Amino acid sequence: MGLANARALCPDLVTRPADPEHETRALAGLCRWAGRYAPLVAVDGADGLMADVTGVAHLFGGEEELRADLHARLEQAGLEAQSALAGTGGAAWALARHGGGIIPKGGLSAHLGSLPVAALRLDPATAASLTRVGLARIADLLALPRAALAHRFGPALVRRLDQALGVEPEPVSPAPETPHFGVRMTLPEPIGRQEDVMTGLARLLDRLCAMLALHHSGARRLRLELRRVDRGTAGVEIGLARPMRDPSRIAPLFRRGVDEVDAGFGIDALRLTAPVVEPLAPEQLGGGPMAESGDALADLMSSLGNRLGFDRVLRPLPADSRIPERSFLLAPAARSEPAAGFAQPGPPRPIVIFAPEPAEVSPPPGPGRPPARFRWRRMNLTTHRATGPERIAPEWWIDDPAWRTGIRDYWRIETREGPRLWLFTTPQSGGAWHVQGEFA
Amino acid sequence: MRFRASGPPMTLATFRISGSAGLTTSSNPFSLAPARMHEAEGSGRRAFAVFQALRHPGPLVWILRAHALHRPLPPALPGDVGARLHLLTPRSETDLLWAVEETLRAAPVGLVIAEPLEPLSLTAGRRLQLAAKSGDTTGLMLVKDSHGSPAAETRWTCAPAPLDGRASTGHIWRVTKNKKGTTGTWMVDWDGASAAFDLVSAAGERSEPAAPAR
């Protein structure tokens, strides 16, 4: 039925757009909750759960009581559900979608016989063609020879029939749960001293790191939550320069954050989580002096990054550009590997670069000539030797405001006063002179 | 290069193997005493820092304030200095001093170069000296003129100087303070591309004038 038709029939209809993502999440939550009824619970399609309750029913007093308990709890939560118990997954699926109930042992074919063929989890086309030839109920199929059915309607039909009747096994296979990296500790008495918090943290870290090691992962961010007696919560979050699971190296990074926490009337619960986790394969112990110095450098970058910010701990990387200020990138050291080296063909470049600073040149030199004397940063400088020009054209594919003045002619100018400067002029727009760098 | 070999428990031996650059040899007057904090001032101080970076193997850390006008240009740095470089840009002077201290305390760093904007106090200098000692790391503070700390091991005054008749670069490097040695002035011809350099002659004993004849 289309929405317009539905509105015509029921003008007060309330509609909301479907949100499959939310529904999937809600179903996953329900799946976790259903773990109280069975060791194996799997999400089945978009709207179902399949639980293997073999040997469980007596804990609830019987199959009837189990089902009643399930319905009572779901109703309490405001959910409407339909459920069925049967000896096979296929039969339970069929019954749950056509009335629900319990199929006693040995009564599979008798109970299933009256259900329509669509209850066998067939695709709509097969179900429609079965109905067209007059096979509307499952009982009609059971009476027919299997070979002819498989030949005419495909092997899927026979397989579904076998699964429903228990001829072919169909175990419940839940998706593996994503590990949750979080540990907590509740204290009998509130604590307030830093050393006590650090001791508690060390115990939590040991557990968390063991968990990380089990899953071959390393933490990239860690968050410590301290719950105070008055129900307030203080959080300390640290970042790590590379994935890590070594408690003795992580613990010192928390010290500064824990120092700043206001303990109030005391802290009675600690919770440590790893919100960002990256894979970290097990490593051989004692990787040699290189590995040890790499570890120590990573520790340094972690502690620097946590105070200065990880975007202020940088590492230069080569970039493919002739524009001096774009010939290198500054990347966060925690997120990059060191460059192999900077290839440097062409004329020498200054060791220090800054934004262009105007140089007063008087008298202006002729075109293609360096200035004989100029004034820069309140210094009067005289040219001793000039090398150049090196013409650098702007990159037309990037609109850089600093390069809108067109091509630049760079000169390396050694002055009699000492400084060796990198000057440029812009012949396409007036020929003003600027200083942009200093040579060694 | 530094190696750390661990033998039986509780004995940790640290070996220090110097490269051909030489660390404390009498033939090289520009070697900085290891595990100490030094200072360089003058307009050629950054060139001096790059010169020292070449002679200190291992990771390099260059610390400047976030709003400093200049940045080192890694593709222009000689040898593998650009690849070994780490750049820290703290926002405040306190953060800068903290970062210097923390880096000096870390063992794997070869040389720490820092450019504070404010004068270094005796307390700050002393703390940096202690950090350098505990981390066995050498530090070089590039300070503005007369902004240095009395705690510095050596203080260098560096200025570029023109050289006549050579297509190279001259530097006048002067030790104005030395806790464990003598002061001196050197005229150096260093092209900024390799660790090799030439001592032209002691500036005070030159036979020809510094300025070319007109």
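Farthest toward the dipole's positive end in the stretch A:287-369, which of A:Ala359, A:Leu317, A:Asn306, given Cβ charges of +1 (Lys, Arg) and -1 (Asp, Glu) about the Cα centre? The Cα lying farthest towards the positive end belongs to A:Ala359. Accessible area ranking (1.4 Å probe, heavy atoms, ligands and nucleic acids excluded), largest first, for B:His70, A:His216, A:His151: A:His151, A:His216, B:His70. Using C-alpha pairs below 8 Å separated by at least 6 residues, the relative contact order for the stretch A:86-223 is 22 percent.
Across the protein assembly as shown, Cα-Cα pairs more than 32 Å apart make up 67 percent of the total. Computed on the stretch A:331-421, with alpha-carbon pairs under 8 angstrom and 6+ residues apart, the relative contact order is 21 percent. Below 8 Å between Cα atoms, with a sequence gap of 6+, how large is the relative contact order for the stretch A:345-396 in percent? In percent, rounded to a whole number, it is 24. Placing unit charges on the Cβ atoms of the charged side chains and taking the dipole of the stretch A:53-133 about its Cα centre, the candidate lying farthest along the positive direction among A:Ile103, A:Pro124, A:Gly113 is A:Pro124. Note on A:Arg203/A:Ala355: beta-carbon distance plugged into 1/(1 + (r/R0)^6) with R0 of 45 Å gives a FRET efficiency of 0.30.
Working from Cα positions, state the angle (0 to 90°, nearest 10) between the long axis of helix A:194-214 and the longest principal axis of chain A. Rounded to the nearest ten degrees, it is 70. Axis angle, to the nearest 10 degrees, between helix A:289-308 and the longest C-alpha principal axis of chain A: 90 degrees. Using heavy atoms of the protein chains and a probe of 1.4 Å, the accessible area assigned to A:Asp19 is about 60 Å². Counting Cβ atoms of other protein chains within 10 Å of each Cβ in B:76-82 and taking the mean gives 6.
Each label point was placed 7 Å from the Cα along the Cα-to-Cβ direction; for A:Glu168 and B:Ser92 their separation is 7.1 nm. The order of A:Thr24, A:Thr415, A:Thr405 by accessible area, most exposed first and with a 1.4 Å probe, is A:Thr24, A:Thr405, A:Thr415. Compute the acute angle (0 to 90°) between the alpha-carbon long axis of helix A:63-76 and the principal axis of greatest extent of the alpha-carbon atoms of chain A; round to the nearest 10°. So the helix axis and the longest Cα principal axis differ by about 50 degrees.
The values are calculated or read from the model by the stated rules, or taken from the named source; none is laboratory data. This one's a predicted model, so the numbers in the text were calculated from it and none came from an experiment. Cβ coordinates were reconstructed from backbone atoms using ideal geometry, including for glycine residues, and neighbour counts include every protein chain displayed. These area figures cover heavy atoms from the full protein model, side chains too; ligands, DNA and RNA do not enter into them. Shrake-Rupley method; radii C 1.70, N 1.55, O 1.52, S 1.80 Å.
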